Amino acid sequence: MLAQQRQSAILDLVRRHGGVRVSDLVREFNVSDMTIRRDLESLAQRGLLAKVHGGATTLAPGSTDEPGFAAKSMRQQAEKEAIARRAAELVSPGTAIAMSAGTTTWTLAHQLLDVPALTVVTNSVPVAEVFYHNGRADQTVVLTGGIRTPSDALVGPFAETAIRSLNLDQLFLGVHGINERSGFTTPNLMEAETDRALVAAARRLVVLADHTKWETVGISTIARLDEADALVTDDGLPDDAQQILGGLVGDLLVAPAGATPDTDTDVDAGQASR
């Protein structure tokens, strides 16, 4: 295994478990203690994890930390693809949907390019560009105005005024974090206000979030967990989290991250009625 491949695998273990021990990594990858320590040092220098005595842990982001779109687009790509494929099955031709900003909704946009007569309302510049450059002629794309955030969302009074005049079938909402007490959250106060306007405009709320969003908390709550008609996530979500979320959201839909479009299957981890 090349150093880059090993470091990528180490980072995945850290993100899945919250932390790792050097001794466990030595056994896992059958390399020396010094090699693992160099790997952890390299990952720490790149700002991807935090070194601690005897191992490493995930970074503890602040409630207002907001990575840019490019940085987020490189994370959990397989999980986002799986989530997008499953979420696309919820979209019918001729409907009006909203798509919030985020790299997971941007991934979903690529899955919707062939849906006939679709109307898409979005406050995401990258999402709109996907449809503008590759969508069907019978699709309508409405991009709200507003102030641009680091995640390429358009937010603020202009966006909210445009959104509040609409009646939409579904909202596909990307979030920064999910927590049982705090609900679905974002690190950007203005984006939270715009997202709440989107929630109010849609008859159905579908949240898209990979497993790393669990127990991450942004400064502002967009919606309670029980306000989601569906949550689409990936199979990296821990069993205890699936139990909690399955009892709160309308439908918890878990997509296998290793699946391909031809073999993708649902793992229905709970369909509690709200």
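The values are calculated or read from the model by the stated rules, or taken from the named source; none is laboratory data. In this text the structure is predicted, and so the values were computed from the model without any measurement. Please note: Cβ atoms are built from the backbone with ideal geometry, for glycine as well, and neighbour counts cover all protein chains shown. What goes into the accessible areas is simple: the full protein's heavy atoms, side chains included, and nothing from ligands, DNA or RNA. Shrake-Rupley method; radii C 1.70, N 1.55, O 1.52, S 1.80 Å.
General observations
- For the chain, with all protein chains in place and a probe radius of 1.4 Å, 49% of the accessible heavy-atom surface sits on carbon or sulfur.
- Charges were assigned to the Cβ only: +1 to each Lys and Arg, -1 to each Asp and Glu. The resulting dipole of the chain about its Cα centre is roughly 640 debye.
- Accessible surface for Asp235 stands near 80 Å², nearest 10, in the context of the full protein assembly shown (1.4 Å probe).
- Helix-only arithmetic for the chain: the sum of -39500 (n - 2.57) across DSSP H runs with n ≥ 4, divided by the residue total, places the mean residue ellipticity at 222 nm at -11000 deg cm²/dmol.
- Surface accessible to a 1.4 Å probe, per residue, for the residues of the chain, Å²: 47 Å²
- Exposure check, 1.4 Å probe, all protein chains in place: Asp251 carries approximately 50 Å² of accessible surface.
- Computed magnitude of the charge dipole of the range 165-267 (debye, nearest 20; Cβ of K, R +1, Cβ of D, E -1): 460 debye
- Residue (of Gly247, Leu208, His53) at the positive-pole extreme of the chain, dipole from beta-carbon charges: His53
- Counting only protein chain heavy atoms and rolling a 1.4 Å probe, the accessible areas of His17, His176, His211, His110 rank, largest first, as His17, His110, His176, His211.
- Glu28, Glu160, reordered so the largest accessible area comes first (probe 1.4 Å): Glu28, Glu160
- Overall form of the chain per C-alpha gyration tensor (a/c, 1.5; a/b vs b/c): prolate
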